[in-house]
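The values are calculated or read from the model by the stated rules, or taken from the named source; none is laboratory data. No experiment lies behind these values; they were computed from the predicted model shown. Here the Cβ positions follow ideal geometry from the backbone for every residue, glycine too, while neighbour counts run over all protein chains shown. Calculation scope for accessible area: heavy atoms of the full protein, side chains included, ligands and nucleic acids excluded. Shrake-Rupley method; radii C 1.70, N 1.55, O 1.52, S 1.80 Å.
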Amino acid sequence: MSNEIMSEIKRDHIMNLLADGKRQDGRGITDVREIKVETNCIESADGSARVKLGKTEVIAGVKIIPGTPFGDTPNIGVLTTGAELIPMAHPTFESGPPGEDAIELARVVDRGIRESGMVDVEKLCIVPGEEVWMCFVDIYALDYDGNLFDAANLAAVCALKSAIIPAEQYGKGENTPLPVTCTPISVTEVKVGNTLIVDPDYDEEQISSARPTVTTDDVGNFRAMQKGGRGSITLDELSLCLDRAVEIGAESRKIIG
Amino acid sequence: MEKRNARQTREIVVPGDILDGTGMKPGENAYVLDGKVRASVMGVRNVFQNTVGVIPLKGCYMPTSGDTVIGVIVDIGPSNWLVDIGAPYPAPLHVNEVPWKVEFGDTSRYLGMGNAVLLKVLSVDESKKIQVTMKDSGLRKIEGGRLVKISHSKVSRVIDKSGSMISMLKNMTDCRITVGQNGMIWVDGDDENADVAVLAIKMIEEKAQARDLTEKIKEFIESKLPQSEEYDDDEGEE
Amino acid sequence: MSGHTDMVLVDENGMRIDGRTEEQHRPIKIEAGVLSNADGSAYVEIGKNKVLAAVYGPRECHPRHLQNPTKAIVQCKYNMQAFSVSDRKRPGPDRRSIEISKIISEALERVVLTELYPRASIDVYIEILQANAGTRCAGLTAASVALADAGIPMRDIVPAIAAGKADGHVLLDLNKEEDNYGQADVPIAIMPSTDEIVLLQMDGNMTREEFDHAIELAVNACHEVHDLQVDALKRRYSKPAQEGSE
């Protein structure tokens, strides 16, 4: 996700630890860092969440405004997700329009939310063919220590779950909670050497080859996947990722409630 | 040997704070405005004879000639390497300043990207251009072990009065430890011991302000590594 | 300043819609050292404004052509997050945020000892998480705390606050309604050791008398903000000391 030269000594140390199934911060291979969620932290947003995943920190806000539906889906609300890797979050992030990393991040999070049907967009119609609710999810990385994918997914999902449609503000009836049907959770791993490790930190990402992300829904079905990174994974490794995504996804779902 | 420290209490000051209004001279990280000495960085107020200054709590490392530093190679040219030593600017290491005879364009055979090196700062000019050398006793490419990064302002705490803290660390953990003035520290030893040494160094950085720090670090290491032999306080090797 | 409302912004007793007197600022909360990657950081709330500031540097200056061979440059980027305002803000810089970034950079360059770091850049990032009038002042207030937290050598810690005019009254620290429907807004920032002004803007309509009064209110309030900035920085280091004495 960024380019910084890591010392060979640090790289060797991480590799040596992994050979014994250990990690720099004392976690096991499949352990997720501590998740902290603060919802409704931004009053100007219609839904918001600030999420900490270890030292990685992400804020997401939802804005819901009336707008014109797309021609081919005249009765269906609009959902868009954007992400920015702002330079506040890491010395290697630069200001400017979202680059390919930010766009990939936004699209992977978007797919999980969209394909799981988390937001019931059919209930977002105001006047068929004319007016629907448009739901914008904006995600900002504030502090980057690896695994922005899962942190951003958690922040976006928690922000949506806390969102209220501000109907009164626009004279469209009573305010109601955004219709949410499920909680899609992504689980990202990276491959370092021949080991797949869950919830990588910055250093682990730097020396990794492949980065599979698997998003599941509440019943453990798969809703989105992405293999990022220049490396490859075997079919057996993929199978391991799928099993872990279901198991760890369920745990995380419990944590965020 | 009971030399009382000149500073009474560890008073934290921030930029703009008045350090003295009674005619003392400004020391490091201090300036004079309307006859009053004021702080220019956040840190601990420090009185030395007739001067008052500030010992910074944080901040970026600025090299001084003669400093021993640990750096990482971040770029390679045909006749030099660029070394990240944690300063605002990378330091060029010229082929004439390494102990090997390097042909033009053959630099990467000797030092590659990500290699760690122990260097000395040769010179820093007016515009802060840095030159470093590997041609002095002990300077070398570093291999194996661990690198720990702490704030350079805490380096003096890791070494402590005439090296008491660092020799205790070395003795109790049985590790080889090299401290760069830039806050990069190399630790090498048996895995379990090196883990403890790294934790102890981080603890020194975090609790640099605490009283009886040496005692606390000693207790910490003892709790992690039961000492087989009696720890000898006087072994003052560096 | 242009809007019009029938709302009474200041009542006959001089009370404002949020219950403040003319000379009161909104509640202020400042925290230093809130992010882990940045060399220095701060979080500031002024009323309903929520602002994060982060500092990186001094570090190599990019783009290179901006390098100054005799001193460091201070590059500030002020950014409003999409959900920080009532209508969603389109991401990316607009003319307003570019101007604010420039005047904040210049205000900070006055206090930072830039000559110590030739060719380097000190990068300041201000993110507005929630906006409710006065974000540039909150942003600058946060940025100076973040700079001090990063250990950057500087003459002073800069506080900022606005004064203005609504319903014909000179008021300190305008809120959203007063800003929208009032008659003037004067954000200022000072160096507390000399009261020199390092940031000043004004828009609206004020007499000389009103302006002098506004400046007096704002300068006084800047000193109060400054006390809170200093307290936030010192608090950051009194905590570990307590732990250390456990």
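Here is how the numbers come out for the structure above:
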{"quantity": "Residue of C:Pro192, C:Pro159, C:Pro27 that the Gaussian network model of chain C assigns the largest fluctuation, springs spanning Cα pairs under 10 Å", "calculated": "C:Pro27"}
{"quantity": "Gaussian network model of chain B, springs between alpha carbon atoms under 10 Å - residue of B:Val124, B:Val69, B:Val32 with greatest fluctuation", "calculated": "B:Val32"}
{"quantity": "Highest-fluctuation residue, B:Val179, B:Val132, B:Val54 considered, GNM on chain B with Cα pairs under 10 Å", "calculated": "B:Val54"}
{"quantity": "Rounded if a/c under 1.5, otherwise prolate or oblate - region B:2-56, Cα gyration tensor axes", "calculated": "oblate"}
{"quantity": "Chain C, accessible area per residue, ligands and nucleic acids excluded (1.4 Å, Å²)", "calculated": "40 Å²"}
{"quantity": "For region B:68-142: accessible area per residue (Å², 1.4 Å)", "calculated": "45 Å²"}
{"quantity": "B:Cys60 accessible area, 1.4 Å probe, all protein chains in place, Å² to nearest 10", "calculated": "30 Å²"}
{"quantity": "Accessible area expressed per residue, region A:133-257, with surrounding protein chains retained (probe 1.4 Å, Å²)", "calculated": "37 Å²"}
{"quantity": "Over chain C: helical MRE at 222 nm, DSSP H runs n ≥ 4 each giving -39500 (n - 2.57), nearest 500", "calculated": "-10500 deg cm²/dmol"}
{"quantity": "Mean Cα-pair separation over length for chain A, i.e. relative contact order, pairs under 8 Å, 6 or more apart, %", "calculated": "20 percent"}
{"quantity": "Computed [θ] at 222 nm, deg cm²/dmol, chain A (DSSP H ≥ 4; -39,500 (n - 2.57); rounded to nearest 500)", "calculated": "-8500 deg cm²/dmol"}
{"quantity": "Euclidean distance of C-alpha centroids, region B:131-153 and region A:28-83, integer Å", "calculated": "45 Å"}
{"quantity": "Contact surface A-C: accessible area buried, both sides summed, square angstrom, 1.4 angstrom probe", "calculated": "2300 Å²"}
{"quantity": "The protein assembly as shown - percent of accessible surface contributed by carbon and sulfur, probe 1.4 Å", "calculated": "47 percent"}
{"quantity": "Averaged over C:26-37, number of beta-carbon atoms from partner chains that fall within 10 Å", "calculated": "3"}
{"quantity": "Surface accessible to a 1.4 Å probe, C:Phe83 within the full protein complex, Å²", "calculated": "0 Å²"}
{"quantity": "Under the span-like rule (Cα at least 15 Å along the axis, Kyte-Doolittle mean at least 0.0), DSSP H helices of chain A", "calculated": "A:148-161, A:235-256"}
{"quantity": "Cross-link table A:Lys10/B:Lys141; B:Lys129/C:Lys71; B:Lys58/B:Lys207; A:Lys10/B:Lys149; B:Lys170/B:Lys224; A:Lys227/A:Lys254, entries beyond 18 Å C-alpha to C-alpha", "calculated": "A:Lys227/A:Lys254"}
{"quantity": "Peptide-level mean, for C:147-159, of C-beta atoms on other protein chains within 10 Å", "calculated": "6"}
{"quantity": "Three-way shape call for the protein assembly as shown based on the alpha-carbon gyration tensor, with the a/c threshold at 1.5", "calculated": "oblate"}
{"quantity": "Area of C:His4 that stays accessible when all protein chains are in place (1.4 Å probe, Å², to 10)", "calculated": "150 Å²"}
{"quantity": "18 Å Cα-Cα reach of A:Lys63 towards lysines, excluding residues that sit fewer than 8 places from it in its own chain", "calculated": "A:Lys123, A:Lys161, A:Lys172, C:Lys48, C:Lys50, C:Lys89"}
